[in-house]
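The values are calculated or read from the model by the stated rules, or taken from the named source; none is laboratory data. Nothing here was measured: the structure is a model prediction, and the numbers come from that model. FYI the Cβ positions are ideal-geometry reconstructions off the backbone, even for glycines, and counts take in every protein chain you see. These area figures cover heavy atoms from the full protein model, side chains too; ligands, DNA and RNA do not enter into them. Shrake-Rupley method; radii C 1.70, N 1.55, O 1.52, S 1.80 Å.
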Amino acid sequence: MAQILIRGGTVVTAEGSSRADVLIEDERVKQVGSALHASDAAVVEASGKLILPGGVDPHTHFDLPMFGTVSSDDHYTGHKAAAFGGTTTVMDFVPQPDTGTLRQGLQAWHAKADGKAAVDFGFHMNITRLAPETLDEIPRLVDEGVTTLKVFTAYNNRMRLPDGDIFQVMRVGGKHGMLTMLHAENGDVIEVLVAEALAAGNTSPEWHAHTRPAWGEVEAALRGIALAAQAQSPLYLVHMNVAGELDQLRFGRARGVPVMGETCPPYLFFTVDDLRREDGAKWICSPPMRTAEDNAALWGGLTDGSMQVVATDHCPFFFDGTRPILYDGRPLAIPGKELGRGDFTKIPNGVPGVGDRMPILWTTGVVQGRITASQFVALTSTNPAKIFGLYPRKGAIEPGSDADIVIWDPERRLTYGVAHAQHRTDYNLYEGWELRGFPEKVYLRGQLIVDGERWLGRAGMGTFLHRQPFAPIL
Ligand code: URP
Ligand code: ZN
Ligand code: ZN
């Protein structure tokens, strides 16, 4: 029996903050209270520091084949980057195989992840092709610990489902306590506009945004909410990035539809102007960056609780995959955004962020007075743990919870960027940003995996999380 006593810090939960000691025994939190004593415990002094539950990022894409390459973090390097940024639980999306069963897709993702995982992890299943046997198979995913399904109203001829299929997925999922997650864009309009843009020779990165209009998201979000209402099933809108989409979320919630939503940090800061830069491809992801008004509206949705989660949609690519970086002391290059030089439709979609999420949101949210420390914990840890069927094992610091703990130094100042972020890519969206507040130590189930700059974790120590159905609607 190993005990660790974290002494003298301030424990921050989604409910509030208080000075308290935390006693860890083996993998779990044993006690939280004032002036705790445990004679055999290793003592960690934390005065002046905050004690937070490890972050939960429910939206990552590790080792994902796309556009003839692959997202550049795998289930080890991405987990390691997550941990350095204070995140100890991640959830990745499993592609539905082109042929074969959902179970086969799941097995393929386990084969990629299980031996590499360095933090705890769960999976969501993409439903991108709906045969009758797929509908039969969906409920069986619950037995595999997968309680969430992602559907798309965009990516025509690849991942998009017709509305009737989305309705059926929601209905069968809802009946079995599963949550449907929706990528809301209008695939048909995108298809027309992309063809027109290319025909007119409009090939630069900003056309990625112009060919995916915000109204398509507004309409698709409302469509998803209406389908969920008809299917009597809960819904979660992923990567929300426009004000009008947030209006639809509020509209649905006000009418009692069990709909929730996430945004991702880039949508709080960046705009289509960033796509106009020389290196605009760095900001290409779907849905795209929008306007300053959208940034401000999304902050409003976090402040007033209309949106429940800040996730990342971490899906990194090299900006220039022909030029190796040094990763773990070795040169490494993976084809990336340069594949779309001269044609925005060939730029791999996605941006890095799993390690950035908590430090960036702390400085811009808590330090700059937009959200409280408790809201920060709710948005980055407790709410996703609840929504995705992991609470109170994750997202909490209370007796019996997994001892996933971040000792957060609120006074640490640093100039952030690719040198600090541990992502396996050659750029960072927040290069040169001045941050205040950063993880100092990170524990995964009682094991110290990050100690300042030192990485103490290892591949294979992360465990697959068998998540619970019928999770709460927040
Ligand atoms: O550009 C992005 N977000 N790539 C990942 C796939 C998705 O739709 O989330
Ligand atoms: Zn998506
Ligand atoms: Zn995604």
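Roughly how far apart, in whole Å, are the Cα centres of segment 101-140 and segment 352-370?
Cα centroid to Cα centroid, the span is 31 Å.
Mind ordering 74-87, 189-202 by average Cβ neighbours within 10 Å, highest first?
74-87, 189-202
At 1.4 Å probe size, with the rest of the protein present, what percent of the exposed accessible area of segment 55-374 is carbon and sulfur atoms?
It is 54 percent, rounded to a whole number.
One quarter of the convex hull surface, Cα atoms only: what value does that give for segment 193-336 in nm²?
10.8 nm²
Given the Cα-Cα distance of residue 101 and residue 455 and 0.36 nm per residue of separation, how much length would full extension add, in nm?
Length gained, residue 101 through residue 455: 123.7 nm.
Just for the Cα atoms in the chain, what are the lengths along the principal axes, largest first, rounded to whole Å?
Per principal axis, max minus min of the Cα coordinates gives 72, 49, 41 Å.
Modelled label-to-label distance, residue 192 and residue 415, 7 Å Cα→beta-carbon offset: nm?
About 4.9 nm, to one decimal.
Per residue of segment 331-341, what does 6.51 cos²θ - 1.76 cosθ + 1.60 with θ = phi - 60° give for ³J(HN,Hα)? Whole Hz please, x for Gly and Pro, Karplus curve as stated.
x, 8, 9, 10, x, x, 5, 5, 4, x, 4
Which pairs break 28 Å Cα to Cα here: 30/112; 116/175; 282/441; 116/150; 282/394; 150/346?
From the list (30/112; 116/175; 282/441; 116/150; 282/394; 150/346), the Cα-Cα distance tops 28 Å for 30/112; 116/175; 282/441; 282/394.
Express the relative contact order of the chain as a whole percentage, based on alpha carbon pairs under 8 Å and six or more residues apart in sequence.
Result for the chain is 22 percent.
Of all DSSP beta bridges located in segment 55-374, what percent are antiparallel, nearest 5?
15 percent
Taking H placed 1.01 Å from N in the peptide plane, check which residues at least 5 places from residue 66 or on another chain put their amide H under 5 Å from its amide H.
Residues meeting the amide H criterion: 71.
Stretched out fully, how many nm does the piece from residue 136 to residue 18 gain, at 0.36 nm a residue minus the Cα gap?
37.6 nm is the gain from fully extending residue 136 to residue 18.
From the C-alpha coordinates alone, can you work out the Kirkwood hydrodynamic radius of segment 139-201, in Å?
Final number for the Kirkwood radius of segment 139-201 is 13.1 Å.
How large is the charge dipole for the chain, taken about the Cα centre, if only the Cβ atoms of Lys, Arg (+1) and Asp, Glu (-1) carry charge, to the nearest 20 debye?
About 500 debye.
If I stretch the segment between residue 230 and residue 255 completely, what's the gain in nm (0.36 nm per residue apart, minus their alpha carbon distance), one decimal?
Contour length minus the Cα-Cα distance gives 7.7 nm.
Using a 1.4 Å probe and ignoring any ligands, DNA or RNA, find the accessible area of residue 379 and quote it in Å² to the nearest 10.
Rounded to the nearest 10, that gives 10 Å².
Given the DSSP H assignment, sum -39500 (n - 2.57) over each helix run of at least 4 residues in the chain and divide by its residue total; what's the result at 222 nm in deg cm²/dmol, nearest 500?
-7000 deg cm²/dmol
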